[in-house]
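Undergrad: Here you go, one structure.
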Amino acid sequence: METKEEENKVNGLLYFGKLSNRMENYRESVLEKEPYICAERALLATEAYQKYQNQPTVLKRALMLKSILEKMSIYIEEDTLIVGNQAASNRDAPIFPEYTLDFVMDELDTFEKRDGDVFYITEETKEQIRSIAPFWENNNLRAKAGALLPEEVQVFMDTGFFGMEGKMNSGDAHLAVDYKQLLEVGLKGYEKRTLNAKAALDLTKPESIAKYHFYDAILIVIAAVKNFAKRYADLAKETAKTVNSQRSAELLEISRICNKVPYEPAESFTEAIQATWFIQLILQIESNGHSLSYGRFDQYMYPYLKADLNKELITESEAVELLTNLWIKTLTINKVRSQAHTYSSAGSPLYQNVTVGGQTRDKKMLSIDCRF
């Protein structure tokens, strides 16, 4: 009789085992989804920038994110145990006009005709993007960056000697969130720190003014993220009334969790997974950078899993299903790049890397008994 380990071998290599039926269905739905360009975020960002254009940039960005998280479309897929979406449909790519609309306008009628990294776009979406384009002309990151470039550098860009598409068209990138602390203290902990720091400011000092605005922006974003999670909590609760008893129980648990995290600290493996996903997602709703990595995932996540396994609050197969759900959710995030940029970044990559194993702080090999 084969052991569990032998069952999970393909050509002698270990793997996690077969996907559950629901995760197999979810995976197929994501992989088969044709990627469309979504104008929803662009319209909401434009509305916010017009409304708050006299605010300091840091507050304008915070108020923009608040508006987007309040008004964007949300949904809960039938097969998922984790909630949170970037665009109006999975794998659709939002537009970030505050970074640039130049290539979007240039390629509006050719996105579907690319050799690779094809995106589909409806006529309605084209008209929506055209309607906001005048506001963003010479009023975006790329335009401002271009104005700062010396003529000598521009020559090299024009001839293709080197390019800065990813830098001039994009937002925050190449970072790993301190998820360990986030899960331990929740956004509530950051809120407390921010309120204390704000209260300690001496507003008679000129350098305190920028800090004051920065702290206000943090508080706006924390409240916005808390309310965004609550939108899913409310949606899950309502949806629970329309489905079978098993799915209803799952949705009510999702509702409970979303009413808690990421504002409150996570106290279970499932709460930690959902809290991590919310932050990973929202960072990529606010900004169109890439390489936003999960960091040392096994180190900060394993204590929650170990505790739940010991208390028999979760089984190993349930934990694997949650992890599978998280990785598939990660694939739902998408980004449209200029055709020139796709030549060096084909496949719509987001580079959301995960570090597993490694060393401890005192340089000892780290081995965690976890089937991540």
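Read the figures in this text as sums done on the coordinates, not as results from a lab. The structure presented is a predicted model; accordingly, all values stated were derived computationally and were not measured. When we count neighbours, we look across all protein chains shown, and the Cβ atoms used for this are built from the backbone with ideal geometry, even at glycine.
Undergrad: Spelling out what I want: for every residue of the stretch 105-116, take phi, set θ = phi - 60°, compute 6.51 cos²θ - 1.76 cosθ + 1.60 (Karplus), and round to whole Hz; glycine and proline get x.
TA: Couplings: 5, 5, 10, 3, 9, 10, 3, 7, 9, 5, 5, x Hz.
Undergrad: Loop only by DSSP, 14 or fewer other Cβ within 10 Å of the Cβ. Give me the trypsin sites (Lys or Arg not before Pro) in the stretch 293-332 that pass, ordered by residue number.
TA: Working: sites: ARG296, LYS306, LYS311, LYS329; in loops: ARG296, LYS311.
Within the stretch 293-332, the qualifying trypsin sites (Lys or Arg not before Pro) (loop, at most 14 other Cβ atoms within 10 Å) are LYS311.
Undergrad: Given Cβ point charges of +1 (Lys, Arg) and -1 (Asp, Glu) and nothing else, what value in debye, to the nearest 20, does the dipole of the chain about its Cα centre take? Please report the intermediate quantities before stating the final value.
TA: Values: 45 positive and 54 negative charges, 268 e Å.
That gives a dipole near 1280 debye.
Undergrad: Please sort through the DSSP H helices of the chain and keep those with an alpha-carbon extent of at least 27 Å along the long axis and a Kyte-Doolittle average not below 0.0. Working shown, then result.
TA: Working: long enough: 207-239 (49 Å, 0.18).
Within the chain the helices that satisfy the rule are 207-239.
Undergrad: Which order do peptides 165-174, 213-222, 86-95 fall in by mean Cβ count within 10 Å, highest first?
TA: Values: 165-174: 16.5, 213-222: 18.6, 86-95: 21.6.
Packing order, densest peptide first, comes out as 86-95, 213-222, 165-174.
Undergrad: Checking the cross-link filter: which lysines have an alpha carbon closer than 30 Å to that of LYS237, excluding same-chain neighbours under 8 positions apart?
TA: List returned: LYS33, LYS66, LYS71, LYS180, LYS188, LYS192, LYS226, LYS260, LYS306, LYS311, LYS329.
Undergrad: Let me ask something additional. Pull up all non-local amide H partners of GLY295: gap of 5 or more, or a different chain, and H-to-H distance under 5 Å with H placed in the peptide plane.
TA: For GLY295, the qualifying residues are THR355.
Undergrad: Which value, in Å to one decimal place, does the Kirkwood hydrodynamic radius take for the chain when every pair of different Cα atoms is included?
TA: Numbers: mean 1/r = 0.0441 Å⁻¹.
Answer for the chain: a Kirkwood hydrodynamic radius of 22.7 Å.
Undergrad: If you don't mind, another one. How large is ³J(HN,Hα), in whole Hz, for each residue of the stretch 341-355 in order, when computed from phi with the Karplus curve 6.51 cos²θ - 1.76 cosθ + 1.60 and θ = phi - 60°, using x for Gly and Pro?
TA: Per-residue couplings from phi come out as 5, 5, 5, 10, 9, 6, x, 6, x, 10, 6, 8, 7, 10, 9 Hz.
Undergrad: Rounded to the nearest 500, what is the chain's calculated 222 nm mean residue ellipticity when only DSSP H runs of at least 4 contribute -39500 (n - 2.57) each, over all residues? Each step should come with its number before you reach the end.
TA: Details: 16 runs with 202 residues, N = 372.
Taking each H run of at least 4 residues, the total per residue is -17000 deg cm²/dmol.
Undergrad: OK, next. Please give me the summed charge of the neighbours of LEU101: other residues whose Cβ is under 13 Å from its Cβ, Lys and Arg +1, Asp and Glu -1. Intermediate results must be reported in sequence, preceding the final value.
TA: Details: positive: ARG41, LYS126, ARG130, ARG142; negative: GLU98, ASP102, ASP106, GLU107, GLU137.
Around LEU101, the charge tally is -1.
Undergrad: For ALA93, list long-range residues whose amide hydrogen, built 1.01 Å from N in the peptide plane, is under 5 Å from its own amide hydrogen.
TA: TYR36, ILE37, CYS38
Undergrad: Count neighbours as other Cβ atoms within 10 Å of each site's Cβ, and list the chymotrypsin sites (Phe, Trp or Tyr not before Pro) in the stretch 84-190 that are DSSP loop with at most 11 such neighbours. Please report the intermediate quantities before stating the final value.
TA: Values: sites: TYR99, PHE103, PHE111, PHE119, TYR120, PHE135, TRP136, PHE156, PHE161, PHE162, TYR179, TYR190; in loops: TYR99, PHE119, PHE161, PHE162.
When the chymotrypsin sites (Phe, Trp or Tyr not before Pro) of the stretch 84-190 are filtered for loop state and at most 11 Cβ neighbours within 10 Å, PHE161, PHE162 remain.
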